[in-house]
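The values are calculated or read from the model by the stated rules, or taken from the named source; none is laboratory data. Owing to the predicted nature of the structure, the values given are computational and were not obtained by experimental measurement. Neighbour counts run over all protein chains shown; Cβ positions are idealised from the backbone, glycine included. Calculation scope for accessible area: heavy atoms of the full protein, side chains included, ligands and nucleic acids excluded. Shrake-Rupley method; radii C 1.70, N 1.55, O 1.52, S 1.80 Å.
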Amino acid sequence: MALWLGFGVSLGVACTGPTATTTEGDDTTTGDTECLVGSVGCQCTPGGTCDGNLVCASKICVPLDDTSTGVTTTDTDTGQPTAGTDTSAGECEPANGQPNAVCGSDEPYCSTLGECVPCSGIASCAAVDPATPACDAVSGLCVACTEDDTSGCTGTTPVCHPETQTCHACTSHDECSGAACDIATGACFPADGALWVDGAGDCDDAASGSEAEPLCTIAEALSRVVAADPQAILVRPAVYDGALVVPESSVVAIVRAGAGAVEILGNGDATLGLGNQARVYLDGLELRGNDVGSGVVCDGGELWIDRSLIRQHHVSGVSAVGCDVQVRASALNKNLGEGLFVSGGAVRLENTFITENGDKANADNPRGGLALAGGATATLVYVTLVGNNAYTGGGLSVECEPDPGVESVSLRNSIAFNAVGYSTFNCEGVEVVSHTAYSAATDEPDDDNLGVATAEVPMLVGADAAIPGVYRPVPGTKLDGVAMFEGGDPDVDFEGDPRPTDEPSFPGADQPPP
């Protein structure tokens with residue numbers, strides 16, 4: 001610093017620039033021109049900066065427009081670069097904030113000063129590519145999204161994957177803050193249009209339905225649904241009475257908001273009925289106690305059930321006709337007719353318990369755990385069926401109606417233990433069962449399944465006293481090693497605990513702790 005200050009005193013305020021010489025005829029004149037540091041045609045400051053919009057090129061301040069060829073000339077009299085002829089603007093050109101081949105991978109963008117910089121040195125990543133509007137400070141690259149900037153994740157890819165920094169479709173309601181996930185499309189429901197219900201708090205069915213002004217009943221929220229507008233209904237824990245109907249052709253999510261139970265006590269033909277061609281999502285709900293009809297009835301639409309308990313209905317827990325059904329991490333328990341009836345549609349169940357359904361003493365036509373008709377197809381992966389019962393000669397765990405349609409059943413990595421006997425399936429042999437433990441008179445050593453006698457069942461699974469309908473496998477038993485994970489299977493269990501993906505494990509909805 002002392003040397004630099006001394007140098008500055010000896011130079012004074014200004015420095016001597018190039019000497020200009022002109023010749024006209026026999027007259028020759030020579031004059032010195034004062035050149036201010038940082039001004040056009042003069043030396044750059046010691047820090048390499050210039051006044052205004054000038055750039056420092058070869059230690060001389062020049063306009064950006066004069067930096068296109070990379071050629072520098074020198075005044076023959078002074079040995080200094082000549083103003084206006086230095087055409088190099090630093091490391092790269094054009095200086096437009098875009099990626100530049102001259103720059104390396106760590107600093108790939110050419111700033112407006114002609115310098116190679118990371119994304120933090122440019123004005124906007126969105127200007128580089130609208131598909132990568134976020135700047136990752138660690139890598140220095142423009143990416144689709146970061147943990148702090150998810151503005152690029154919209155539409156049917158609203159969720160940012162923090163590791164890959166890419167946007168993807170939502171697959172669970174938890175991924176959509178303040179709303180719910182339209183899993184069929186991958187888009188989040190509009191959070192600003194969500195209707196809030198709080199039957200146990202300060203509520204009013206004449207209120208706006210905002211988070212601060214919640215409604216009192218789910219029925220009122222459903223009455224405000226417009227078919228053309230996807231609608232999230234966020235329900236705070238309380239007990240709700242009365243039958244509910246979802247308008248036809250609508251897209252609705254009814255999702256628990258907060259800790260505690262959302263209990264829906266229905267009556268009539270259905271506790272919750274879906275209008276024709278409606279797409280409905282249920283998450284975190286308990287539907288129970290309809291002593292006349294079924295829990296959920298879907299007729300020609302789509303039904304998605306997550307983390308819900310559907311129990312103690314007089315007919316079916318869920319009845320679906322011409323309706324596609326997805327059930328994940330849920331329990332269908334003690335429904336008198338059957339846990340789930342599907343006719344003419346398709347059903348996929350994952351990490352779900354279907355237990356103690358079908359009551360011969362109190363139901364007109366009990367059909368056990370899962371009943372299929374009308375050519376319905378069923379796929380069960382990591383499902384636990386325990387204690388289900390059906391009419392004499394029926395399939396206690398899975399029943400197929402004797403109709404013209406040909407049903408199909410795939411049961412994999414699951415448990416199917418009947419209440420009594422060995423009539424686990426009644427589907428005319430169309431069922432495909434693999435890596436599953438099920439009721440059978442003998443264990444077949446050449447099969448990848450495990451046959452289990454009725455007397456063995458209490459030693460292999462036990463009821464959870466806290467969650468109705470949940471039967472957990474007993475650690476250290478011969479169930480361990482029956483299941484084999486495949487691509488596309490859920491890699492977590494009923495409670496979200498990790499499931500082994502590279503070695504055999506327990507079948508059924510629950511994976512015991514290691």
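Of the heavy-atom accessible surface of the stretch 434-499 (probe 1.4 angstrom), what whole percent is carbon and sulfur?
Carbon plus sulfur share of accessible area: 56 percent.
Could you compute how fast the chain diffuses translationally, taking Rh as the Kirkwood radius over C-alpha pairs and applying Stokes-Einstein at 25 °C with viscosity 0.890 mPa s? Give it in µm² per second.
Rounded, D is 88 µm²/s.
Multiplying the sequence separation of Glu495 and Ala441 by 0.36 nm and subtracting their Cα-Cα distance, what value in nm do you get?
Between Glu495 and Ala441, full extension yields 16.2 nm more.
To check you understand DSSP bridge types, tell me what percent of the beta bridges within the chain (both residues inside) are antiparallel, rounded to 5.
25 percent
Modelled label-to-label distance, Ser249 and Val420, 7 Å Cα→beta-carbon offset: nm?
5.1 nm
In Å², what does the accessible area per residue of the chain work out to with a 1.4 Å probe?
Here the residues of the chain average 46 Å² of exposed surface.
Report the label-to-label distance for Asp448 and Val292 in nanometres (one decimal), using points 7 Å from each Cα along the Cα→Cβ vector.
Using points 7 Å along Cα→Cβ, the separation is 4.8 nm.
Restricting to the stretch 300-392, compute how many DSSP beta bridges are antiparallel as a %, nearest 5.
Bridges in the stretch 300-392 that DSSP calls antiparallel: roughly 5 percent.
Taking the DSSP beta bridges in the stretch 411-508 as the whole, what percent of them are antiparallel, to the nearest 5?
40 percent
Set the Förster distance to 22 Å, then compute FRET efficiency between Ala346 and Thr156 from the Cβ-Cβ distance, nearest 0.05.
0.50
Can you give the extra length, in nm with one decimal, that the chain gains between Glu486 and Asp241 once fully stretched, where that is 0.36 nm per residue apart less the Cα-Cα distance?
Using 0.36 nm per residue and subtracting the Cα-Cα distance, I get 84.0 nm.
Residues with beta-carbon under 14 Å from that of Ile183, excluding Ile183: net charge, scoring Lys, Arg +1 and Asp, Glu -1?
Local net charge: -4.
Which FRET efficiency value, to the nearest 0.05, do you get for Ala463 and Asp502 by plugging their Cβ-Cβ distance into 1/(1 + (r/R0)^6) with R0 = 35 Å?
The pair Ala463/Asp502 has a calculated efficiency of 0.70.
With an 8 Å cut-off on Cα pairs and a minimum separation of 6 or more residues, tell me the relative contact order of the chain in percent.
5 percent
Hey, for a label at Ala259 modelled as a point 7 Å past Cα toward Cβ, could you say which residues of the stretch 203-240 have their backbone N under 16 Å away?
Residues passing the 16 Å test: 236-238.
With r defined as the distance between the Cβ atoms of Asn365 and Glu163 and R0 fixed at 56 Å, what FRET efficiency is calculated, to the nearest 0.05?
Efficiency computed from Cβ-Cβ geometry: 0.65.
Dipole of the chain, Cα-centred, from +1 at each Lys and Arg C-beta and -1 at each Asp and Glu C-beta, to the nearest 20 debye?
1580 debye
Give, as a single signed number, the net charge of other residues whose beta carbon lies under 14 Å from the beta carbon of Pro366, with Lys and Arg counted +1 and Asp and Glu -1.
Here the charged neighbours net out to -3.
Can you tell me the order of 99-105, 378-384 when each peptide is scored by its average per-residue count of other Cβ atoms within 10 angstrom, highest first?
378-384, 99-105
Per-residue accessible area for Val432 at 1.4 Å probe radius, Å² rounded to 10?
Surface open to solvent at Val432 totals about 90 Å².
Distance from the Cα centre of the stretch 308-370 to that of the stretch 421-471, in angstrom?
Taking the Cα centre of each part, the stretch 308-370 and the stretch 421-471 sit 18 Å apart.
By its C-alpha gyration tensor, with a ≥ b ≥ c as the square roots of the eigenvalues, how is the stretch 341-412 shaped: rounded for a/c under 1.5, else prolate for a/b larger than b/c, else oblate?
The shape class here is oblate.
Apply the Karplus parameterisation 6.51 cos²θ - 1.76 cosθ + 1.60, with θ equal to phi minus 60°, to every residue of the stretch 313-326 and state each ³J(HN,Hα) to the nearest whole Hz, in sequence, with x for glycine and proline.
After applying 6.51 cos²θ - 1.76 cosθ + 1.60, I find 9, 5, 10, 9, x, 9, 10, 10, 10, x, 10, 8, 10, 10 Hz.
Using square roots of five times the C-alpha gyration tensor eigenvalues, list the equivalent-ellipsoid semi-axes of the stretch 267-400 in whole Å, biggest first.
19, 16, 14
Along the positive direction of the dipole of the stretch 152-262 (beta-carbon charges: Lys, Arg +1; Asp, Glu -1; about the Cα centre), which of Pro158, Val246, Ser210 reaches farthest?
Pro158
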